[in-house]
Structure formats: C-alpha cells, structure tokens
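Below is one structure, written out as structure tokens, with a few remarks after it.
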Amino acid sequence: MASISKLSNPSPASCSSASFKPRSCQPKCLIDFHTRAGFNAKVSSSRVSIPTNHGVRGSLVVKCSQVSGNGSPIKRTVLHDLYEKQGQSPWYDNLCRPVTDLLPLIASGVRGVTSNPAIFQKAISSSNAYNEQFRELVQAGKDIEDAYWELVVKDIQDACKLFEPIYDQTDGGDGYVSVEVSPRLADDTKGTVEAAKWLHKVVDRSNVYIKIPATAECVPSIKEVISLGISVNVTLIFSIPRYEAVIDAYLDGLEASGLSDLSRVTSVASFFVSRVDTLVDKMLEKIGTPEALDLRGKAAVAQAALAYKLYQKKFSGPRWEALVKKGAKKQRLLWASTSVKNPAYPDTLYVDPLIGPDTVSTMPDQALQAYIDHGTVSRTIDLNVSEAEGIYSALEKLGIDWNFVGSQLELEGVDSFKKSFDSLLDTLQEKANSLKLISL
C-alpha cells in the first residue's frame with residue numbers, strides 16, 4: 001500500500017513490462033493488452049482473443065490506428081475496483097477523433113474525460129480526421145478561431161453522448177466531459193464569465209464541465225458561473241491557499257444562485273500534482289544539502305494530502321449542511337498532471353498515493369496504462385497526514401516558498417495553454433491556405 005513515507009527515495013517502477021506507445025490521432029481504434037506475464041493480444045473489429053492466464057491483470061492502451069472497429073468490451077479492470085471500493089473516479093486526460101475510441105476505455109472503467117488547449121492542439125494538428133468539417137466551416141465563411149471552436153464543440157458533444165449513461169446512472173455525480181474557455185482569458189474576469197456562458201449554451205449537454213483557470217482574476221468568474229447554474233471544472237490549481245479560494249468561490253456561487261434545487265450544479269477542483277515536484281525538485285537540487293535532496297519527489301503528494309484535509313474541513317459543518325439540504329454536491333478534488341515527469345520515479349507516483357473517496361484522478365495514456373497494469377486499490381490519501389504536514393513544513397524551513405511555487409506554476413500553465421492555442425490557430429490557418437480556401 002503506497003503512502004507518503006514510501007516516497008522517500010522514489011525509484012523506477014520495476015513491474016511494468018510494457019513500454020508506453022504514444023497516441024497518434026488516426027482512425028480507428030486498436031487495443032493492446034500488456035501484462036506482467038508477457039502475453040500480448042490485439043483487439044480489432046468485434047472480437048477479442050486473449051490467452052487464458054487467470055490471475056493476471058492486463059493494462060489497456062488505446063491507440064488511434066487504421067484498423068476498422070472499436071474492439072470488444074473489457075469485462076473488468078482495476079479501474080472498476082478503484083471506483084466501487086474506494087470511491088475514486090478514474091477519468092481519461094485526452095480526447096481526439098474518432099471519439100468512439102473512448103468506448104473500450106469506458107468499458108474498462110473510465111468514467112469521464114478532461115481536455116485542454118494542449119490536447120486539442122495535438123489532436124487537430126496531427127490528424128486528418130478534422131479536415132472535412134474544417135473545410136466545410138471555412139467554405140461557409142467561418143474565421144479560423146470560430147472554426148476551431150466548432151471542431152472542439154463537436155468532439156465535446158460526441159464525448160458527452162458516450163458518457164451520458166454514466167451521468168444518468170449516478171444522478172449527475174459522474175460521467176462528465178470537460179472543455180476549457182480560451183486561455184487568452186486567464187486574466188479577464190468578465191470575459192471568462194461570458195465565454196463560459198457561451199460554451200455551456202453551444203455544447204448544450206447536461207454532463208459538460210466548463211473549465212475555468214484558478215487565476216486570481218478568474219476566481220470571481222467561478223463564483224458567478226456557478227451562481228448561473230453552470231457546472232465548472234476549476235483548473236490549474238497549484239497551491240493550498242488558491243485551492244481554498246476556489247472552494248469558497250464554489251460555495252459562494254451556490255449560495256448566490258437562488259436555486260431551490262442545487263443537485264445539478266456540480267464542480268471539480270483540478271489540483272495539479274507532478275508539475276509541483278518538477279519545480280520543487282529543481283529548487284532542492286540547487287540547495288544541494290543531503291536534507292534537501294532527500295525531499296525530492298515528496299512535495300507534490302504531501303501538498304495534495306493537505307489539500308484533501310482542507311477539502312474534508314470545508315465540506316462539513318453548518319454552512320455546508322445548509323447547502324446539502326438544497327441538494328448541493330461536494331466540489332470533488334480532481335488530481336491532474338498525474339503523469340510522471342521524472343523517469344526515475346515510479347510511474348504510478350501521482351496516482352497510487354492519492355486515492356480517497358469522492359475524488360477524481362484524470363490520467364493520460366502513460367499513467368492510465370501503468371495504473372491498470374500494477375496500481376493499488378486502497379485508501380492512501382489520508383494514510384499519514386502528519387507526515388505530509390512534516391514534509392510541507394520541512395520544505396518551508398529549507399526556503400521553499402509555497403506561494404512562489406504556486407504562482408510560478410500557474411504562470412507556466414497559463415502560458416503553455418496560450419502557446420498551444422495560438423499554435424493550433426496558426427496550424428489551422430496554414431491548412432486553410434493549403435486548401436486554397438481563403439487568402440493569406
């Protein structure tokens with residue numbers, strides 16, 4: 001069972017026998033099963049052939065390919081256990097056409113999808129699957145940015161349809177697909193509100209989450225959007241003080257809504273993990289003392305454990321109970337940035353230690369494959385909170401400024417999404433030009 005204490009000296013995972021195969025967005029879906037026993041079976045069309053090997057857990061990697069069909073449903077994986085036994089919802093942090101590629105993942109236990117400007121930049125710029133719709137949009141007189149949003153909205157709507165049964169079965173508790181407002185609005189309070197309203201209206205699906213960044217300028221936007229009855233995925237949270245502000249914005253929004261039934265207004269707070277270690281590790285290496293070096297790979301999980309402690313505190317007591325009487329649901333903590341950036345660390349470092357009830361873990365391909373192959377299914381997030389507090393304090397004593405870490409990572413995150421967004425628009429402009437549909 002993973003715990004913070006076991007992260008003292010992160011070491012490479014030794015039990016994954018499969019190398020990660022990057023996803024390339026080309027139709028259709030091919031599924032690879034890899035197991036520690038070493039067998040490999042491929043699924044295509046409507047049949048699956050897996051050698052009998054009882055007791056072996058397989059990992060699932062979905063790759064877009066040229067093979068026709070979407071594969072056969074997988075009966076059961078560790079993802080089902082994660083949700084049923086520990087109350088954590090596994091989501092998939094990726095989206096590209098054809099969205100039917102998600103069907104095998106849903107069958108294997110994935111319960112939602114997150115997207116962001118970087119994901120769409122990769123999907124649209126590296127695939128021909130969007131060309132036909134894009135050509136029609138440009139021929140119809142759409143400008144490049146409007147065309148981009150229509151491409152995105154179609155993917156989100158189609159994905160929402162696939163996850164609708166989960167949404168219905170859980171009475172709106174799960175089965176969400178997230179789409180982010182323009183990253184250009186990260187410092188624009190009112191613009192973010194208007195963009196969220198527009199996206200919610202055009203997607204027009206009950207199980208869509210509108211993603212809003214947790215910048216200082218957008219925290220008030222979160223409150224207003226929630227008050228309008230729009231469900232929100234608050235993204236780019238890197239520090240506990242900002243996370244508390246996000247919770248308060250959610251509570252304030254519910255209270256300001258005036259709705260007698262709050263059950264359909266939900267939210268998740270996306271707390272980013274691996275990027276914290278990426279930055280803090282560099283700071284610790286610069287300090288260079290044995291004590292500092294021993295804390296590498298510990299900051300992210302320790303802070304996440306304290307975030308969960310805050311979550312438990314804020315969603316209890318008289319104020320919260322008053323909202324519960326109106327049907328309010330907790331703003332679940334969502335662990336984002338769960339892929340390991342340092343190859344020396346275990347590949348489930350940001351999944352295994354963060355398991356707890358009423359939470360979400362959104363995993364890109366690499367983290368999802370690793371977890372299905374050799375992840376744990378046990379409550380770990382609050383296994384040793386006192387140790388997490390000790391790590392957090394020890395880092396502060398070494399001169400690690402948590403406020404600086406949060407601010408710096410937020411700036412980098414926003415900047416990264418802006419660059420992805422701008423790069424994609426440039427790519428679409430080039431595609432339009434190459435098709436000779438519009439002039440330079």
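Below is a table of values for the structure above.
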read-out	value
Amide H contacts under 5 Å for ALA336, placed H, 5+ residues apart	PHE271, PHE272, VAL273
Residue order, fewest to most beta carbons within 10 Å, for VAL340, VAL268, VAL99	VAL99, VAL340, VAL268
Sequence-distant aspartates and glutamates (8 or more away, or on other chains) whose Cα lies within less than 14 Å of LYS298	ASP277, ASP281, GLU285, ASP352, GLU387, GLU389, GLU396
Segment 307-420: translational diffusion in µm²/s, Stokes-Einstein, Kirkwood Rh over Cα pairs, 37 °C, 0.692 mPa s	196 µm²/s
Two-decimal log10 I(q)/I(0) for segment 154-246, as the Debye equation yields it once each C-alpha is a single scatterer, q = 0.12 Å⁻¹	-0.36
Fewest-first ranking of ARG379, ARG332, using other Cβ atoms within 10 Å as the exposure measure	ARG379, ARG332
22 Å Cα-Cα reach of LYS431 towards lysines, excluding residues that sit fewer than 8 places from it in its own chain	LYS122, LYS142, LYS154, LYS418, LYS419
Ratio Rg/Rh, restricted to segment 346-390 and using Cα atoms, in which Rh is the Kirkwood radius	1.00
Equivalent ellipsoid dimensions for segment 221-313 as semi-axes, Å, which come from the Cα gyration tensor, largest first	35, 11, 9
Ordering of 217-226, 281-290, 404-413 by burial proxy (mean other Cβ atoms within 10 Å per residue, highest first)	217-226, 404-413, 281-290
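Every number in this text was worked out from the coordinates using simple rules, so none of it is lab data. Only a predicted model underlies this, so the values are computations on that prediction, with no experimental measurement involved. Here the Cβ is made from the backbone with ideal geometry for all residues, glycine too, and neighbour counts use every protein chain on show.
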